[in-house]
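Since the structure comes first, as structure tokens, the remarks are kept for the end.
The values are calculated or read from the model by the stated rules, or taken from the named source; none is laboratory data. Here the structure is a predicted model, which means the values were calculated and not measured. Here Cβ is always computed from backbone atoms with ideal geometry, including for glycine, and neighbour counts include all displayed protein chains.
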Amino acid sequence: MKIELKNITKSFDKKTNTIDNLNLSIEDGEFIALLGPSGCGKTTTMLMIAGIYKPDSGDILFDGQRVNEVEPKDRNVGMVFQSYALYPHMTVLDNIAFPLKQQKVKKEERIQRAKEAAATVHLEQYLHRKPGELSGGQQQRVALARAIVKNPRLLLLDEPMSNLDERLRIEMRSEISRLQKKLGITTILVTHDQQEAMTLADRIAVMKDGQIIQYDTPMALYYQPENLYVARFIGTPPMNFLHGSVNNGILHLHNRKLPLETRLLTKSYNGDVIVGIRPHDIQLGSHGDLQLEGTIQFVETIGHAKLINVLVGDTMIRFFTNPFLDLVPGMNIQFSANSSDLHIFDGKTEKRILKKKDLKAIRKSNAVNQILPHAADSKKSG
Amino acid sequence: MDSAQATVTIPRQKSRIYILKKRLPYFIAYGVLGITTLPIIFMYLWLFLNSFFQKMKFGIIPESFTLENWSFLWEPIVYRGSELPSIWTATWNSFVFAGTMTILEVLIGVMSGYALSRIQFPGRKFILTTTMLLHAFPSISLLIAVFYILNFFGLYDSLFGVILVKTALQIPMTTWIIKGFFDDVPWDVEWAGLIDGCSRIKVWFQIVLPLIKPGIASISIFSFLSGWSEFLLLYTFIVSGDNITLASFLQKLTSDPNLVNYSLLGAISLFYMIPVLIFFIFTQKSLMQVSSGGIKNA
């Protein structure tokens, strides 16, 4: 089902808008994520789509039909709540069959379908338990089965994994992904975990203060952040930021100069800027055309890499190095990045001032890098 | 494993002393509590024995068993020359009074409690803060006003009239108790019901009410007990023998201090207690749940 939100505004206290003129469109079968810090209005947006809240103004369209006044029960959506919201007085089977009971599905068919839904989330052996007798992960799966049992046109997931431990979360993530692909159901995921959004969603709407800041694919959000907010939010570890300025098409950064002219959105741009560099785009040594140096503050060993924290001027820069290098705090080191990997934002408006990077070009250059060692391997063995 | 080894190595007597020492605080606590409760237990025991025996030697040792005092069950009591109404009429009336009151209180309390807990409407806060004030009026201070009102509506000397009065006085407290239970039901569960295909009323009946069952049980117990033991309002506003309740019935037997038959009074008091005891035995479980607070892991 295709879903459109048009100029949605919602206020709870009549003074400030929780949701401010929000526009969003979701294609049929698409999996999107609403991503943002708590209190940014993502759950409110979801509850409006579910029909629990009514927007103050604007339209919600399901397949082109306005559903503002349609009761939640008639919208045919399934939802998993953060707290799971299971019915504690019913058994697992009754919980899952509850939506069917409301549709007046006959008892035998109801139980049959509930059992099937339970089987898709591997709950067969817990059917006659009460929710209180289940672990968090099992409760979450009951909630998921209850949401999908009536074959809804839309699946809403409100921070479904925030109460699970790390291992279970990764397990559930693939479970949800598998289920969504299998059922081909339009899905909206609300989360504050950017990694969860990145791994699951086809498109992510990054939200802030009731507005959508950027709505794009995970790759585009990562490589083409529209502004500082998105750049800061997406990616682990987070992007590094340095203060500099642009004059006559030249970037001035820590006494270094880099020509930008052709890449600037407006050629005559002058002023203070914030330069963002992803930790993955920095390497030791001086291969790149932006070279910096600083003092190591501390080193975090991860295993496949070392994450080192270097103080450059008065800003901390973090990047990955080979884990077997003997790097200790206090060392002075030189490192570099390619100017093409830089993200540059206006110091005041915090908007991107460079032209969009060409994702296709990035893919091409990366594909070459990935295939080459592989090809070399096969040559060796051949 | 460890504890089993320990009991083997420690000589028996030593461990016995050890156990005694460990339990000493309990012995003291139960001892003190037991002694202070004794008079009350003795009182009930005396009441019980007194009703089944003709005489109490030195006031405590029962002599010659008799059922004479319980004859009120099958024949009317003659007191000060006139026949009192049948005990069964009084019992029936007490049941009607307490039962109707319970039903009314639960119905109204559950609805108003939900509204106060969940629905935003103008004046909600004002109602919340003033309902408790209503409960603060002792019924004795309202007697005259209530008399005028009942008289005006022609409900004087009618059980139903007193039921309305007593219910009105009880509702604020009931509503407050049950509101607390509704507050504990998470919004998520209610919303899940709406999304799963219920209307709001249906969610209320199928999901919210089952979740606050312990609350409903507790308010029905409290209102039944307070209705069963109500005396003042009934004594004041009910005059005819047909509408008499057990509490007033007992009062009639003690109206003349010189003529009180304590054995008969004891028997009727015990009879008066039986339904309460039975009711309590059956509802004890729900009452216990109340103290531990409504709903688990919703």
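So the values come out like this:
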{"read-out": "Pair list, Cβ under 7 Å, 6 or more apart: the range B:59-72 residue more than 27 Å from residue B:83 (Cα to Cα), other residue at pLDDT below 80 and basic (Lys, Arg)", "value": "B:63/B:55; B:63/B:57; B:64/B:55"}
{"read-out": "Residue list for the range A:68-108, restricted to those being surrounded by 18 or more Cβ atoms within 10 Å (Cβ to Cβ) and away from chain B (no Cβ under 13 Å)", "value": "A:92, A:93"}
{"read-out": "The lone exception for residue B:120 - which of (1) in contact with a Gly (Cβ under 9 Å, 6 or more places away or on another chain); (2) polar (S, T, N, Q); (3) not in a helix (DSSP H, G or I) it fails", "value": "(1)"}
{"read-out": "Boolean, residue B:41 is farther than 27 Å from residue B:219 by Cα and either under 22 Å from the mean Cα position of the chain (by Cα) or in a helix (DSSP H, G or I) (or both)", "value": "yes"}
{"read-out": "Residue pairs meeting the criteria (Cβ under 7 Å; at least 6 apart or on separate chains; first in contact (Cβ under 8 Å) with a residue 40 or more places away in the chain, in the range B:29-48; second in a helix (DSSP H, G or I) and hydroxyl-bearing (Ser, Thr, Tyr))", "value": "B:47/B:269"}
{"read-out": "Cross-chain or 6+ apart pairs with Cβ under 9 Å, the range A:165-185 first and on the phi > 0 side of the Ramachandran plot, then of a type in the set (Asp, Glu)", "value": "A:184/A:28"}
{"read-out": "Checklist (1) under 18 Å from residue B:243 (Cα atoms); (2) surrounded by 13 or more Cβ atoms within 10 Å (Cβ to Cβ); (3) at pLDDT 80 or above applied to residue B:88, failing item", "value": "(2)"}
{"read-out": "Tally, over the range A:251-282, of residues that are farther than 23 Å from residue A:314 by Cβ and of a type outside the set (Gly, Ala, Ser)", "value": "12"}
{"read-out": "Considering residues of the range A:114-130 that are crowded, with 17+ Cβ neighbours inside 10 Å and under 11 Å from residue A:95 (Cβ atoms) only, the residue nearest to the other protein chains (Cβ to nearest Cβ)", "value": "A:130"}
{"read-out": "Set B:125, B:166: member being farther than 27 Å from residue A:77 by Cβ, modelled with pLDDT of 90 or more, more than 14 Å from chain A (Cβ to nearest Cβ) and not in a loop (DSSP other than H, G, I, E, B)", "value": "B:166"}
{"read-out": "Selection count, the range A:117-130, where residues are part of a helix (DSSP H, G or I) and of a type outside the set (S, T, N, Q)", "value": "5"}
{"read-out": "Selected residue (only one of A:74, A:94 is acidic (Asp, Glu) and over 17 Å from residue B:207 (Cβ atoms))", "value": "A:74"}
{"read-out": "Condition met for residue B:174 (more than 14 Å from chain A (Cβ to nearest Cβ), surrounded by 18 or more Cβ atoms within 10 Å (Cβ to Cβ) and either of a type in the set (Ser, Thr, Tyr) or over 24 Å from residue B:227 (Cβ atoms) (or both))", "value": "yes"}
{"read-out": "Residue among B:248, B:220, B:263, B:199 that alone is among the small types (Gly, Ala, Ser), surrounded by 16 or more Cβ atoms within 10 Å (Cβ to Cβ) and under 30 Å from residue B:179 (Cβ atoms)", "value": "B:220"}
{"read-out": "Residue identified as within 19 Å of residue A:86 (Cα to Cα), among the hydrophobic types (A, V, I, L, M, F, W, C) and out of contact with any Asp or Glu (no Cβ under 9 Å at 6 or more places or on another chain) among B:192, B:136", "value": "B:192"}
{"read-out": "Filter result for residue A:111 (within 14 Å of chain B (Cβ to nearest Cβ) and either farther than 21 Å from residue A:185 by Cβ or assigned to a helix (DSSP H, G or I) (or both))", "value": "no"}
{"read-out": "From the options B:207, B:268, residue that is surrounded by 21 or more Cβ atoms within 10 Å (Cβ to Cβ), part of a helix (DSSP H, G or I) and modelled with pLDDT of 90 or more", "value": "B:207"}
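Here's the yes/no breakdown for (1) part of a helix (DSSP H, G or I); (2) among the hydroxyl-bearing types (Ser, Thr, Tyr); (3) touching a Pro at 6+ places or on another chain (Cβ under 7 Å); (4) within 12 Å of another protein chain (Cβ to nearest Cβ):
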| residue | (1), (2), (3), (4) |
| --- | --- |
| A:132 | yes, no, yes, yes |
| A:142 | yes, no, yes, yes |
| A:152 | no, no, no, yes |
| A:164 | no, no, no, no |
| A:170 | yes, no, no, no |
| A:173 | yes, no, no, no |
| A:177 | yes, yes, no, no |
| A:181 | yes, no, no, no |
| A:189 | no, no, no, no |
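Listed here are the residues, each with its yes/no results for (1) among the β-branched types (Val, Ile, Thr); (2) at pLDDT 90 or above; (3) in contact with a Cys (Cβ under 6 Å, 6 or more places away or on another chain); (4) buried (at least 21 other Cβ atoms within 10 Å of the Cβ).
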site	(1), (2), (3), (4)
A:161	no, no, no, yes
A:164	no, no, no, no
A:173	no, no, no, no
A:185	yes, yes, no, yes
A:191	yes, yes, no, yes
A:212	yes, yes, no, yes
A:226	no, yes, no, no
A:262	yes, no, no, no
A:268	no, no, no, no
